[in-house]
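This report concerns only the one structure given below.
The values are calculated or read from the model by the stated rules, or taken from the named source; none is laboratory data. Note that the structure is predicted; figures quoted are calculated from it, not measured. Here the Cβ is made from the backbone with ideal geometry for all residues, glycine too, and neighbour counts use every protein chain on show.
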Amino acid sequence: MKKHLITSFSAVISASLLILIYVGCDKVDAPYLEHTQTYLDTAQTSDTTYKKIVLLEDFTGHKCVNCPEAAQLAKNLQLAHTNQIVLIGIHAGFFAVPDQSGLYTADYRCPEGTSLNDYFNIMQYPTGIVNRKAFEGKIRLLPTSWESAINAELQQDPVAFIQIENIYNPQNRNLQIKTDIKILQDLEGEYSYTLYLIENHLTSAQKNNNASVGPVPDIIDYIHNHVLRTSINGIWGETLLPINGFVKGENIQLVHNLVVSQEWNAAQCQVVAFISKSDSHEVIQAAEKSIE
């Protein structure tokens, strides 16, 4: 078995649910599944427990009146597929622009989110991308397609597994991220490994047009979760070596460091990791782990 060690550094940083959503800016009908704040545990140790873990990127904004419904749908899907869906909320585009005063002064945008929004040519909100892969010929998916796209991905066997260990020092706010990747099937071609930082429990106003989700037209104390804060090793990550593919059973170990910004609450942050094809950016496996 070959083992590759790569070290890089960065400074600062179902029950199947039938939920219909009407999309314009884009409805999740009650009753909702009860949402509990649980996160993915990546400490799986046996081949028999390896699971396909899917990445859902939700392009959103606090002035998008239909985005709370989509966020609720994403939560429900995550609950229906325990430990198999990783969510990233990407605040970008015109609905994410803050106001100078009033309810919507919070700014959850980041350069990486804006770049992703532009790269994938997001023009309608909410829009989701599942594993950065086309579903029924479309990569940009309205919420009505999220469940089907996710189910299609979950039917695939996992080809790799990511285990994350986060070591956080609250005194200097240094975060060390140790990754162990196990290759579960022979893989051809070039692959990349990407690390993002997301933050949960950010409370600020959110536009809303559905009273079953919350107050209309504004949810004053809306809780924004899975908010993309930064990339740790670049927006598209880094190339995994060797560049000509991997053999089943190989292990890849990586170490990254990040100084967590004082503007972010480390206790509410998570590291999101995923492996993707370098040419198409199609995600083959994802994972997430809380900092603390």
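Looking at Ile85 and the list (1) over 30 Å from Thr49 (Cα atoms); (2) buried (at least 19 other Cβ atoms within 10 Å of the Cβ); (3) within 16 Å of the chain's Cα centre (by Cα), which single condition is not satisfied?
Of the numbered conditions (1) over 30 Å from Thr49 (Cα atoms); (2) buried (at least 19 other Cβ atoms within 10 Å of the Cβ); (3) within 16 Å of the chain's Cα centre (by Cα), the odd one out for Ile85 is (1).
Kindly provide the set of residues from the stretch 51-75 that are touching a helix residue (DSSP H, G or I) at 6+ places or on another chain (Cβ under 9 Å), closer than 20 Å to Gln206 by Cβ and of a type outside the set (A, V, I, L, M, F, W, C), ordered by number.
Selection gives Glu57, Asp58, Thr60, Gly61, His62, Lys63, Asn66, Glu69.
From the set of residues in the stretch 115-140 that are over 16 Å from Val283 (Cα atoms) and within 15 Å of the chain's Cα centre (by Cα), which is surrounded by the most Cβ atoms within 10 Å (Cβ to Cβ)?
Only one residue fits best here, namely Pro126.
Against the condition at pLDDT below 95, assigned to a loop (DSSP other than H, G, I, E, B) and among the aliphatic types (A, V, I, L, M), how does Ile235 come out, does it pass?
On the way: at pLDDT below 95: no; assigned to a loop (DSSP other than H, G, I, E, B): yes; among the aliphatic types (A, V, I, L, M): yes.
It is false that Ile235 is at pLDDT below 95, assigned to a loop (DSSP other than H, G, I, E, B) and among the aliphatic types (A, V, I, L, M).
Please determine, by comparing only the residues of the stretch 242-283 that are surrounded by fewer than 22 Cβ atoms within 10 Å (Cβ to Cβ) and β-branched (Val, Ile, Thr), which one is nearest to Ile183 (Cα to Cα).
Val247
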